Amino acid sequence: MTNTPYDKLGQLGSLTVTPTAPGAAKLERVENPIKNAKTDPYLIRFTCPEFTSLCPVTGQPDFAHLVIDYAPDKWIVESKSLKLYLTSFRNHGDFHEACTVGIGQRIIKEIQPLWLRIGGYWYPRGGIPIDVFYQHGQQPEGLWVPDQGVAAYKGRG
């Protein structure tokens, strides 16, 4: 395939290596195929139920279920690049808050959505689950935003 709007994407359709750190990951964008998204907003949701990073103190793995919701404007996130970006956290040591909010802020920087929210539902560390939520902008009027669908942590119940 040649001479398409996607030719400039370096990761889509090619063999790629997992970035070693979030800062080394390239988060790519494509033009929103829905041209009236600002006046007739819609929601895009990415769910990453097996997100991993490292505790910055102990180096032990941390696990989370991430849900990223956004209302795009001119750009949408290219999903393979997002997958590689999220995978790059596997060897990255940072607190839950920095990972969750940082992911949201990076997406905002790259695509400038009308609205974004991210829920980081982290599995227990030291016996305490830590959930982190971040939102940017105001939810557009009339935008249908379903519940993120992640139950509160109950342990063995």
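Per-structure values
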read-out: Counted charge near Thr47, where neighbours are those whose Cβ lies closer than 14 Å (Asp, Glu -1; Lys, Arg +1); value: 0
read-out: Debye-sum result for the chain in log10 I(q)/I(0), which assumes one identical scatterer on each alpha carbon, at q = 0.13, 0.15, 0.19 Å⁻¹; value: -0.65, -0.84, -1.21
read-out: Dimensions (Å) - the range 66-106, Cα atoms, principal axes, largest first; value: 33, 20, 15
read-out: The chain, relative contact order in percent, only Cα pairs under 8 angstrom and at least six apart counted; value: 25 percent
read-out: Theoretical ellipticity at 222 nm over the chain - DSSP helices of four or more residues, -39500 (n - 2.57) apiece, nearest 500; value: -5000 deg cm²/dmol
read-out: Formal net charge of residues neighbouring Ala25 (Cβ-Cβ distance under 15 Å; K, R +1; D, E -1); value: +3
read-out: The range 31-136: Lys pairs at Cα distance under 20 angstrom, eight or more positions apart or on different chains; value: 6
read-out: Extension gain from Thr16 to Lys154, taking 0.36 nm per residue of separation minus the Cα-Cα distance; value: 45.9 nm
read-out: Packing-based exposure ordering (other Cβ within 10 Å, fewest first) of Arg125, Arg117; value: Arg125, Arg117
read-out: Choice from Glu50, Glu141, Glu110 with maximal GNM fluctuation in the chain (Cα, 10 Å cutoff); value: Glu141
read-out: Among Gly59, Gly126, Gly93, residue whose mean-square fluctuation peaks in a GNM of the chain (springs only between Cα atoms under 10 Å); value: Gly126
read-out: Relative packing of peptides 42-48, 72-78 - highest average C-beta neighbours within 10 Å first; value: 72-78, 42-48
read-out: Long-range HN-HN contacts of Asp131 with modeled amide H, under 5 Å; value: Trp122
read-out: Whether the range 43-85 is rounded, prolate or oblate, judged on the alpha carbon gyration tensor where a/c under 1.5 counts as rounded; value: prolate
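Since every read-out is calculated from the coordinates, none of them should be taken as a lab result. Predicted, not measured: the structure shown is a model, and the values here were computed from it. Cβ atoms come from the backbone with ideal geometry, glycine included; neighbour counts cover every protein chain shown.
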